[in-house]
Amino acid sequence: MPRQREWTKRDVDILYELYKVREMTKQQILQSYFEGNERYGSKRLYVLRGEGLVTSEIHGGNGQGGKRVRTAYYRLTARGLELLRKKGVVEETKYRARDLELTAQQRQYIIDANELHIRLPEVVYMDSRVIKRKYKLNRGNLTVGGFSNEHGDYMIFILNADAKETTLQKILMEIKAKKYISGYLVYYKSPSVKRAFEALCYEQALVTGGIPLYMLPFDSKGIEITRHYILSTNAFSNLQELLSSYGTLTRVKEGSNKHGFLYGMRREDGLLTPYVVEMITGDIMILKRCLRNYNVDAYQREGRRVLLFCYEDEVQRYRDELLSVTYVDVIGVPKMVLESSFEGRDAIT
C-alpha cells in the first residue's frame, strides 16, 4: 500500500488561495509562494496537479504591449476542495469545484484583480463574490473585488484598453448606486479609456456624495500610489513628505470645511495659507467639487489661493482646463520625486 503523501502548510495555503480567488496564473502562484525559488515551485505545482488537487489549462491572454501570450491558469478540483474540508480550512460550503470555473471574460478580470491582491498582500482583499455578497450586488455587477482597511471598503473596477462605451456606462451606473463604502478604485489600461471614462463622468454630472473615485493606471505606479497614498495608515504623513518642499501639508478641520477641501498648506513665508487639491491619488471628483463651492466670490471673500498638485506631465492639461480660474496655481510633482517616494517605505501597516 503506497504511503499517503504529506501536505505542507504552503500546499494547503495555495489550495485555499485558489478556493478564494477561483483562478491564478502559474506566475502569480510562483510569485506569491515561491519567490526566489521558482524552479522548486514549478515542481510542487506539478505534484499538486499529479495528485489531482489542482488542474491547469493553457489560455491566451493580453500581455505587455497588447501581445497575445499563452499562460497556464490553475484552479481547484473537487479533490482539492475535499482536502480543504478535511483539513478544516473551509466548512461545508455551497461552492462546488465546478462553480469555481470561469468564462474567458471573467478570467481576464479575475486574473487582473488577483494581480492587485498579490502586489498588495498587506491589505485585506475581498474577491468579487465576497464583495457582491456583502453589498447585495447581482452577479452581473462589474466590481472585480475590493480592499478593506480601518476606514472601510474600496470597490475595484478595471477598465481594459479597448473597453466599450457600454461597459463604461454600466460601471458608471454602478458607481451612481449609493454604496456605504469609503472609495472606488478604478484602474485603467490606457490613457484613452481613462479620458473616455472621465468625460462620461463629467457629461453625466456624476455625484458620489463625497466618496472619492480614484482613477489610477493599472501598472506599478498605480499600485504603489494605492499602497502609500490611499490605503496606508500612514497615507497622510506619506503625502506630507512627498509635498514637503512646498510647505507643511495640513488637514482642513472638518467643521470648517465648507468648500470641500481636505488640505491646506502652511508656508514659512507667513502668507495666507492656501488650500490644496492633490491629484496624485487620482480622485477625479474632488477638483470640480471644491471649485464649484470655492468660486470667484468665495475667493474674493477669503483671499486664499489654491495649490493643485498633479503629475508633471499633466501640468499643461490642468492649466488649460483652469485658464479662467486665476486663483489656482498648478504644480507638477517630478516623476523622479514620486518614484523615489516609493523606495524604502514600509509596507502598509
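The values are calculated or read from the model by the stated rules, or taken from the named source; none is laboratory data. Predicted, not measured: the structure shown is a model, and the values here were computed from it. Note that each Cβ is placed from the backbone with ideal geometry, even for glycine, and that neighbours are counted across all protein chains shown.
One line per residue, one yes/no per condition, for (1) in a strand (DSSP E or B); (2) touching a helix residue (DSSP H, G or I) at 6+ places or on another chain (Cβ under 6 Å):
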residue: L216; (1), (2): yes, yes
residue: I223; (1), (2): no, yes
residue: T226; (1), (2): no, no
residue: F236; (1), (2): no, no
residue: L239; (1), (2): no, yes
residue: G260; (1), (2): no, yes
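Using the structure shown, decide if T71 is in a strand (DSSP E or B), of a type in the set (V, I, T) and either under 29 Å from the mean Cα position of the chain (by Cα) or modelled with pLDDT under 90 (or both).
Judged against the criteria, T71 is a match.
Pull up region 21-32, narrow it to residues that are in contact with a helix residue (DSSP H, G or I) (Cβ under 8 Å, 6 or more places away or on another chain) and in a helix (DSSP H, G or I), then point me to the one that is surrounded by the most Cβ atoms within 10 Å (Cβ to Cβ).
The residue in question is I29.
Out of all the residues in region 1-29, which are over 25 Å from Q105 (Cβ atoms) and either of a type in the set (D, E) or touching an Asp or Glu at 6+ places or on another chain (Cβ under 8 Å) (or both)?
R5, E6, D11, D13
Pick out the one residue from L185, L172, L206 that is farther than 26 Å from E122 by Cβ, in contact (Cβ under 8 Å) with a residue 12 or more places away in the chain, within 17 Å of the chain's Cα centre (by Cα) and not assigned by TED's automatic domain parsing to the domain that holds V337. Let's see the steps before the verdict.
Values: L185 fails: farther than 26 Å from E122 by Cβ; L206 fails: within 17 Å of the chain's Cα centre (by Cα).
That would be L172, the only listed residue that is farther than 26 Å from E122 by Cβ, in contact (Cβ under 8 Å) with a residue 12 or more places away in the chain, within 17 Å of the chain's Cα centre (by Cα) and not assigned by TED's automatic domain parsing to the domain that holds V337.
Does region 192-206 hold any residues that are in contact with a helix residue (DSSP H, G or I) (Cβ under 8 Å, 6 or more places away or on another chain) and either in a loop (DSSP other than H, G, I, E, B) or β-branched (V, I, T) (or both), and which are they?
Residues satisfying the conditions are V193, Q204, L206.
Return the total of residues in region 177-201 being surrounded by fewer than 16 Cβ atoms within 10 Å (Cβ to Cβ) and modelled with pLDDT of 90 or more. Spell out how you get there, then give the answer.
Of region 177-201, the ones surrounded by fewer than 16 Cβ atoms within 10 Å (Cβ to Cβ) are 177-178, 180, 191-192, 195, 199-200.
Checking which are modelled with pLDDT of 90 or more leaves us with 191-192, 195, 199-200.
Final tally of qualifying residues: 5.
Between residues in region 308-331 that are under 20 Å from L239 (Cβ atoms) and residues that are hydrophobic (A, V, I, L, M, F, W, C) and in a helix (DSSP H, G or I), which pairs lie under 8 Å by C-beta distance while being six or more apart or on different chains?
Taking only residues 6 or more apart or on different chains, the pairs are L308/L287; Y311/L338; V328/L291; V330/V315; I331/V315.
Yes/no per residue for (1) of a type outside the set (D, E, K, R); (2) over 16 Å from Y229 (Cβ atoms):
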site: Y275; (1), (2): yes, yes
site: I280; (1), (2): yes, no
site: D283; (1), (2): no, no
site: A298; (1), (2): yes, yes
site: E302; (1), (2): no, yes
site: V306; (1), (2): yes, yes
site: M336; (1), (2): yes, yes
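Please determine whether any residue of region 33-55 is under 30 Å from V186 (Cβ atoms), outside any strand (DSSP E or B) and modelled with pLDDT of 90 or more.
yes
Can you report the number of residues in region 315-332 which are buried (at least 17 other Cβ atoms within 10 Å of the Cβ) and in a helix (DSSP H, G or I)?
Result for region 315-332: 1.
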